[in-house]
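The values are calculated or read from the model by the stated rules, or taken from the named source; none is laboratory data. Small disclaimer: the values here were computed from a predicted structure and weren't measured. Counting neighbours? That spans all protein chains shown, and the Cβs are built from the backbone with ideal geometry, glycine included. Only protein heavy atoms, including side chains, enter the accessible area calculation; ligands, DNA and RNA are left aside. Shrake-Rupley method; radii C 1.70, N 1.55, O 1.52, S 1.80 Å.
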Amino acid sequence: MHERLKELAERLTQPGSKCEHLSMSEVHELSQAVLELLDKPAIIETRLVFAVIQNADGTEGRGPNYVMAVCEAESTARRLGKGRDVQGSDCGIVPTVAIRIGNQPYATPCSWLAPCRIHEPNAEDRAAERELQHQRAAQKRKQDALARAKAAGLSDDDIKALRGDA
């Protein structure tokens, strides 16, 4: 176990590391090994991040999927994954959690336990993220209004008529 942990850690800390090419099983293995080595792991901070999932075989999609990047914002993940999967399709985006374990009073770019380095959003990503949040809020308002209408006794046909779909 210790030799495998050492091997994975060396891959992550080498200059020019290709840590984004660790498979999900290797990330899980590394996470489990770190937790086993710590008597009382102290999770200092958690962060919602977005993993960009890419297939190793860009032609037919028969290769294994791996985490290409981990991003702070969904919009950054979409930008990095656009056109990078099988036959130029967009990569899958999966929300996940990154954790920081230890007693350091500060966070460095490499102090997070996640599938790889977390990419920070640029100005365009921040604008796109605000738009995504507005879209999600509008969708939630719509779903809440539909639920209230159904609770008030309106049928699906009534709701369609109010929309002008009938």
### Task
For the stretch 91-109, indicate whether the set of residues that are farther than 20 Å from S25 by Cβ and modelled with pLDDT of 90 or more is non-empty.
no
### Message
Every residue in the stretch 50-68 that is open to solvent by less than 40 Å² (accessible area, probe 1.4 Å), at pLDDT below 90 and either touching a Ser or Thr at 6+ places or on another chain (Cβ under 7 Å) or not in a loop (DSSP other than H, G, I, E, B) (or both), please.
### Response
Y66, V67, M68
### Task
Please list, ordered by first then second residue, the pairs with beta carbon atoms under 6 Å, 6 or more apart or interchain, first in the stretch 81-102 and over 12 Å from N55 (Cβ atoms), second open to solvent by less than 30 Å² (accessible area, probe 1.4 Å) and not in a helix (DSSP H, G or I).
I93/F50; V94/A51; P95/F50; T96/V49; T96/A51; A98/V49; A98/A114; R100/S111
#### Entry: Hits in the stretch 121-130 (condition: of a type outside the set (A, V, I, L, M, F, W, C) and closer than 11 Å to E74 by Cβ)
P121, D125, E129
### Query
Which one of these does G153 not meet: (1) open to solvent by less than 100 Å² (accessible area, probe 1.4 Å); (2) closer than 30 Å to E72 by Cα?
(2)
### Query
Which residue pairs have Cβ atoms under 9 Å apart, sit 6 or more places apart or on different chains, and have a first residue in the stretch 145-166 that is assigned to a helix (DSSP H, G or I) and a second that is small (G, A, S) and open to solvent by 80 Å² or more (accessible area, probe 1.4 Å)?
D157/A166; K160/A166
